[in-house]
Amino acid sequence: MAAKPSGNKSVLVIGLGRFGGSVAATLDQMGQDVLAVDKNPELVARWSAHLPTIQADMTDVLAIEQIDASQFDTAVVAIGDSIEASVIITGNLLDAGVSDLWAKSVSQEHARILQRIGARHIINAETDAGKRVGHLVAGNYLDYIEIDGPYTVVKVHTPLYAVGRSIEDVQVHDKYGVTVVGLKAPGKEFQYGSKELVMHRNDELILMGKQDQIDHFIQG
């Protein structure tokens, strides 16, 4: 059985992907008592220096009992890579008596299932709102979406150095490790990012890659 946290509010966070890790770290920085759980030993090891962590598969009712999930004021199910696991864990926590439960959804259908089984709060998996707003305010991106793992999808205007050049000429992927998913020119239809595609001023590029790689591409 896990020791009961001693602070004003105790929060159990299940899933230490990008979204779950961000939630757990933010709560910890706010002074809440957090216990983070993931079945992936690498993620647990990565976060163990920063947060109280436990490696466990929370689809197993025995793991729920051993952690004594009912002692926590709030639980966050931050799993997005498996709808089945998300639903099972949410049900297990509700059965254990956790009433204030937040669950991440990856689709409308997923959200409806979570609502039907009793999840009190449904989190839209499209964005981590705080980070998204921060990036938009900074002015680097027209839009910003975090996805599980190290990758990000952003919308940007064509960098000045790339105006009038093709994706192949700029070596977007080979040099920067960034994928141009597509391009939307003003008043024209969306085009997929073929290597021959020429980027023009005011074109909106949809990019996917790691954060530092995307920033490197934008700066040129």
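Report yes if SER70 is over 23 Å from SER105 (Cα atoms), of a type in the set (Ser, Thr, Tyr) and in the same structural domain as ALA96 (by the TED database), otherwise no. For SER70, the condition - over 23 Å from SER105 (Cα atoms), of a type in the set (Ser, Thr, Tyr) and in the same structural domain as ALA96 (by the TED database) - is not met. Residues in region 26-60 that are among the hydrophobic types (A, V, I, L, M, F, W, C), in a helix (DSSP H, G or I) and surrounded by fewer than 14 Cβ atoms within 10 Å (Cβ to Cβ): 1 in all.
Filtering region 93-116 to residues that are assigned to a helix (DSSP H, G or I), under 23 Å from the mean Cα position of the chain (by Cα) and surrounded by 14 or more Cβ atoms within 10 Å (Cβ to Cβ) leaves LEU93, HIS110, ALA111, ILE113, LEU114, GLN115. Among the residues here, ASP100 qualifies as out of contact with any Leu (no Cβ under 8 Å at 6 or more places or on another chain) and under 23 Å from MET30 (Cα atoms). Looking at VAL61, VAL13, VAL44, just one residue is among the aliphatic types (A, V, I, L, M) and touching a residue at least 40 places away in the same chain (Cβ under 8 Å), and that residue is VAL13. The residue that is surrounded by the most Cβ atoms within 10 Å (Cβ to Cβ), among those in region 61-76 that are touching a helix residue (DSSP H, G or I) at 6+ places or on another chain (Cβ under 7 Å) and part of a helix (DSSP H, G or I), is ALA69. Scanning region 180-208 for residues that are more than 17 Å from GLU168 (Cβ to Cβ), touching a residue at least 40 places away in the same chain (Cβ under 8 Å) and surrounded by 12 or more Cβ atoms within 10 Å (Cβ to Cβ) turns up ARG201, GLU204, ILE206, MET208. Which residue is farthest from the chain's Cα centre (by Cα), if the candidates are limited to region 161-174 and must be in contact (Cβ under 8 Å) with a residue 12 or more places away in the chain and loosely packed, with under 14 Cβ neighbours inside 10 Å? Going through the qualifying residues, I end up with GLY164.
Screening TYR144 against (1) modelled with pLDDT under 80; (2) surrounded by fewer than 20 Cβ atoms within 10 Å (Cβ to Cβ) leaves a single unmet condition, (2).
No other residue among VAL23, VAL13 is crowded, with 18+ Cβ neighbours inside 10 Å and either in contact with a Ser or Thr (Cβ under 9 Å, 6 or more places away or on another chain) or modelled with pLDDT of 90 or more (or both) apart from VAL13. Whether any residue in region 80-89 is out of contact with any helix residue (DSSP H, G or I) (no Cβ under 9 Å at 6 or more places or on another chain), under 17 Å from ALA24 (Cα atoms), touching a residue at least 12 places away in the same chain (Cβ under 8 Å) and not hydrophobic (A, V, I, L, M, F, W, C) is what I want to check. No, region 80-89 contains no residue that is out of contact with any helix residue (DSSP H, G or I) (no Cβ under 9 Å at 6 or more places or on another chain), under 17 Å from ALA24 (Cα atoms), touching a residue at least 12 places away in the same chain (Cβ under 8 Å) and not hydrophobic (A, V, I, L, M, F, W, C).
The values are calculated or read from the model by the stated rules, or taken from the named source; none is laboratory data. Since this is a predicted model, take the numbers as computed values, not measurements. Positions of Cβ are backbone-derived with ideal geometry, glycine not excepted, and every protein chain shown enters the neighbour counts.
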